[in-house]
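Take a look at the structure below.
The values are calculated or read from the model by the stated rules, or taken from the named source; none is laboratory data. Just so you know, these numbers come straight off a predicted model, no measurement behind them. Cβ placement follows ideal geometry from the backbone for every residue including glycine, while neighbour counts extend to all protein chains displayed.
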Amino acid sequence: MPVQIGASVRDFSDPTGLMTDCHRRVEMFLGALSKIGGLDDRPLTPSEHTDLDKALRYFREAAPKHTADEEESLFPRLRRIPDTEVKSALDALARLEEDHRWAAPLHAQVEQIGQQWLAGGRLSAEQKDTFRSAVAKLTSMYRAHIEVEERLVFPLAARILSKKEKSAMAREMTDRRSLAPPIPVVR
Ligand SMILES: [Fe+2]
Ligand SMILES: [Fe+2]
């Protein structure tokens, strides 16, 4: 049965494919924030306002669900598998979780300054610098982070997790987004 999260439709047997689609959205919205952060000191045009609003909303509402998909649905399942290849990937999982924590205060800065911008407030030069610097740090971190997830963790999960585990993961992902109807669990 197909599962739709965002604009993509994937089969429920492919939860890491759904997570990969989330990465493309992370990159797209970081790109939008970076572009807006580079604007001259002038009021936002209506389309820039919309782009900033959408990007902030993505990182406020959707991105934390992607983090939960990984930390609550994917990583614990990998950690339970008694396999030497998985054991050697555990360090990578710990570092990925550290990245998630590290990013939180930077996202908070972008959200706080971005909301002020959306409300029509002019930003000080210092606030603009803080916004740009936070977006640049996040962009650099996500580039390496996503590379590890897509090169190491997701292929390993796709290969090693059972159909039943993948189905349960996809169900948790749709439940996390309150998507209906719930998909069936493979037993
Ligand atoms: Fe991650
Ligand atoms: Fe991810």
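Screening segment 45-72 for residues that are away from ligand 1 (no atom under 12 Å from the Cβ) and of a type in the set (S, T, N, Q) and picking the one that is nearest to Arg171 (Cα to Cα) gives Thr50.
Here is the figure for segment 24-66: residues that are of a type in the set (Lys, Arg), within 17 Å of Ala104 (Cα to Cα) and free of Cβ contacts under 8 Å to residues at least 40 places away in the same chain total 1. Applying the criterion of at least 2 residues that are over 24 Å from Arg177 (Cα atoms) to the helices (runs of 4 or more DSSP H) found wholly in segment 28-106 leaves 46-57. The number of residues in segment 67-121 being free of Cβ contacts under 8 Å to residues at least 24 places away in the same chain, within 16 Å of ligand 2 (Cβ to nearest atom) and among the charged types (D, E, K, R) comes to 2. From the list Ser133, Ser124, the one residue that fits, being away from ligand 2 (no atom under 16 Å from the Cβ) and modelled with pLDDT of 95 or more, is Ser133. Being more than 21 Å from Glu27 (Cβ to Cβ), at pLDDT below 95, of a type outside the set (Ser, Thr, Tyr) and within 16 Å of ligand 2 (Cβ to nearest atom): is that true of Ala170 here? Judged against the criteria, Ala170 is a match.
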